[in-house]
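The values are calculated or read from the model by the stated rules, or taken from the named source; none is laboratory data. Being a predicted model, the structure only gives us computed values, none of them experimental. Don't worry about glycine lacking a Cβ; one is built from the backbone with ideal geometry, like all the others, and counts go over all protein chains shown.
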Amino acid sequence: MAVLAPLGLLGAPAGATSGPSAAGPLVRGVNGARFGVHAPIRVVTFSGASYSLAIGLAHHAVDGTLERPSVMCRTTPGCVAAVNGDFFDVTPRGAIDPGDVVGGIIQGCALVHTPQISHQEVNLDTHTVSQGLNWSSTLEVNGTAVAVTAINQELPMRYPGVDLPLAGTLLYTPAYYIATPWAPGWTSYRFAQVDPTQSATTINATAQLQLVAALPHPTHVAPGQVVVVAGPGSPLGALAVGASVSLATTSSAGCNELGGHPILLDNGVPSVVSRADTYMWQRFPRTVLGWTASGSTVLLTVGGTDQRAGATAGQLIKILQSLGVSTAIDLDGGQSTSLFVDGRVVYHPGNVERPVATALLVIAGASPTTTTTTTTVPTSPTGS
């Protein structure tokens, strides 16, 4: 049976202290003074098969639709701990498409979000990291292959002060992305999935779609539908309502992946963080996911105040190495940093836990293939 390993088994520095423990995961505190870190450091670790990681997507209508890691955990069966996930942003109220997460998401083998910018990835199943998300999607329209640059495929998410559902994003071209999901002269082609039991963007699979409508404006879509946005001259323009097309999505990535930035350690090799990445060279609260060489999972949070207290990338790497971590990626930090364990928020840097777009959930027992009910809604890219 798997155990939530005490930090000492991972080579914790002298001065590590026990945090609260109950039936759920064990959280430990680490004295970071010898690394130059004077903010609180907390670590949750587990090994074996009795616990697993799952990706939580903000969608639960709980606490006034505030989507916090604690909310996502409390409303997910078997969840015993959670931290915030990938970087995200929200555009001003009234914008056509509020913002959302930055990196790629594959959940239950379905591509639900592709990177808005160059972003690193972590594979939750293989405990590996990569520099980007490898993917492509192509429509076959009357025998012609049409590369997809914008296709809606993710769940609705809501934030206070935003008057439209937030949703994950379009599938963008690998290197760049379009600024909005619709522009003057463009058309929103709404398709229904012929087989609604499987996501239209299941990787390395082909889905059959049927055209429902061609609209000269952005559109929200219902569950089981997909909207592809295309400009003038697209072969989609020749389709009549009721016409069938196929959508093929391919990727060499795993079935459960989440974005992050940057990779801190890769198979024991520390990453060189660019001096231009001021966010990582300054002190900020941090959230990190990593694994030891023996396969133990480590979730680490560092408290602090943006640009004044917390940890730099170099300090994070030294702390992780002291814990025996060999592979690790930085997740969203700053005011998003949050740790929820055993029914209570153990740490967050502000007066209230911040709403986020994604979370990493620790699940007791088998990991669910998905923690959500699929719906597709358009959105636009924003910064992190």
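Annotations
- Filter result (out of contact with any Asp or Glu (no Cβ under 7 Å at 6 or more places or on another chain) and aromatic (Phe, Trp, Tyr)) within the stretch 256-286: TYR279, TRP281
- Those strands (runs of 3 or more DSSP E) of the stretch 214-324 in which 2 or more residues are of a type in the set (A, V, I, L, M, F, W, C) occupy 225-230, 244-250, 263-266, 286-292, 297-302.
- Residues that are out of contact with any strand residue (DSSP E or B) (no Cβ under 8 Å at 6 or more places or on another chain) and either part of a strand (DSSP E or B) or among the small types (Gly, Ala, Ser) (or both) within the stretch 325-352 comprise GLY343, ARG344, GLY350, listed in sequence order.
- Subset of the stretch 260-286 that is closer than 16 Å to THR327 by Cβ and of a type in the set (Gly, Ala, Ser) - its residue that is surrounded by the fewest Cβ atoms within 10 Å (Cβ to Cβ): GLY268
- Just one of the listed residues (VAL226, VAL241, VAL212) is more than 30 Å from VAL325 (Cβ to Cβ), without any contact (Cβ under 8 Å) to a residue 40 or more places away in the chain and touching a Lys or Arg at 6+ places or on another chain (Cβ under 8 Å), namely VAL212.
- Among the residues making up the stretch 287-307, those that are crowded, with 21+ Cβ neighbours inside 10 Å, more than 12 Å from GLY85 (Cα to Cα) and among the polar types (S, T, N, Q) are THR292, SER296, THR297.
- All positions within the stretch 236-255 that are over 23 Å from ASP125 (Cα atoms) and under 33 Å from the mean Cα position of the chain (by Cα): LEU236, SER244, VAL245, SER246, LEU247, ALA248
- Listed conditions (1) touching a helix residue (DSSP H, G or I) at 6+ places or on another chain (Cβ under 9 Å); (2) within 17 Å of GLU121 (Cα to Cα) are all met by ASN267, apart from (1).
- Filter result for the condition that a residue is assigned to a loop (DSSP other than H, G, I, E, B), crowded, with 20+ Cβ neighbours inside 10 Å, at negative phi and modelled with pLDDT under 95, over THR376, THR369: THR376
- Residue within the stretch 354-365 that is surrounded by 22 or more Cβ atoms within 10 Å (Cβ to Cβ), in contact with a helix residue (DSSP H, G or I) (Cβ under 7 Å, 6 or more places away or on another chain), modelled with pLDDT under 95 and outside any helix (DSSP H, G or I) present: yes
- Taking every residue in the stretch 297-320 that is farther than 21 Å from VAL272 by Cα and in contact (Cβ under 8 Å) with a residue 12 or more places away in the chain and pairing it with any residue that is charged (D, E, K, R) and part of a loop (DSSP other than H, G, I, E, B), at least 6 positions away or on another chain, the pairs with Cβ-Cβ distances below 6 Å are ALA309/ARG283.
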